[in-house]
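Remarks on the structure that follows.
The values are calculated or read from the model by the stated rules, or taken from the named source; none is laboratory data. As the structure is a computational prediction, the values presented were derived from the model and not from experiment. All Cβ positions, glycine included, derive from the backbone under ideal geometry; neighbour counts span all protein chains shown.
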């Protein structure tokens, strides 16, 4: 991915890996490992994550985010905050979710997104993921802003779809920012356009 190539160049071509991808429309923390630290990638990918997200309850999309065409859902009476809170409580704990059709999940040796882009039907089985907590930041119909704390493998786009389906509204991801991966937080992150070249040891954080 472009971020990893950018970091590798800044590190003088050192071996570089990342601990969890971000969708093209997403922003926030992406942990990159250099040299011997790349051996810790699997461990880092298992760390809990925190996201600030905006869900548009007015429509579904095929991609479960704003990259897809909107499929408007009529809603004569928007759900109340109490209804929203009750529904969100059902998405905390160990939950079952179906990954987005436009995802990197393998189906018969092929990527789901490649099949979906060709118009092929993509049937993905549900998987168990862990959601540690959901807090409402703001709710002003049709936008629901949330802070979501979750474990490895959780698709926030699937949560947006699932929350909307349960509410009887639409539901797709309008914006996402990963604010933390374990103890690596957004305040300690460095924007790509501010990355020093070449990187020095003092620019790095310990795993």
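In the set 120, 96, 74, only one residue is in a strand (DSSP E or B) and either surrounded by fewer than 15 Cβ atoms within 10 Å (Cβ to Cβ) or not assigned by TED's automatic domain parsing to the domain that holds residue 164 (or both); that residue is 96. Within segment 99-112, the only residue that satisfies the criterion of being touching a residue at least 60 places away in the same chain (Cβ under 8 Å) and exposed (fewer than 13 other Cβ atoms within 10 Å of the Cβ) is 104.
Only one of the listed residues (83, 61) is buried (at least 16 other Cβ atoms within 10 Å of the Cβ), over 14 Å from the mean Cα position of the chain (by Cα), within 22 Å of residue 163 (Cα to Cα) and modelled with pLDDT of 90 or more. That residue is 61. Considering segment 25-38 alone, what residues qualify as being surrounded by fewer than 18 Cβ atoms within 10 Å (Cβ to Cβ), within 10 Å of the chain's Cα centre (by Cα) and either part of a loop (DSSP other than H, G, I, E, B) or on the phi > 0 side of the Ramachandran plot (or both)? Within segment 25-38, just 25 meets the criteria.
Apart from one condition, residue 135 fits all of (1) closer than 25 Å to residue 42 by Cα; (2) at pLDDT 95 or above; the exception is (1).
Considering 88, 47, the condition of being touching a strand residue (DSSP E or B) at 6+ places or on another chain (Cβ under 6 Å), modelled with pLDDT of 90 or more and closer than 30 Å to residue 200 by Cβ is satisfied by 47 alone. Among the residues of segment 113-131, none qualifies, meaning not one is under 20 Å from residue 46 (Cβ atoms) and in contact (Cβ under 8 Å) with a residue 60 or more places away in the chain.
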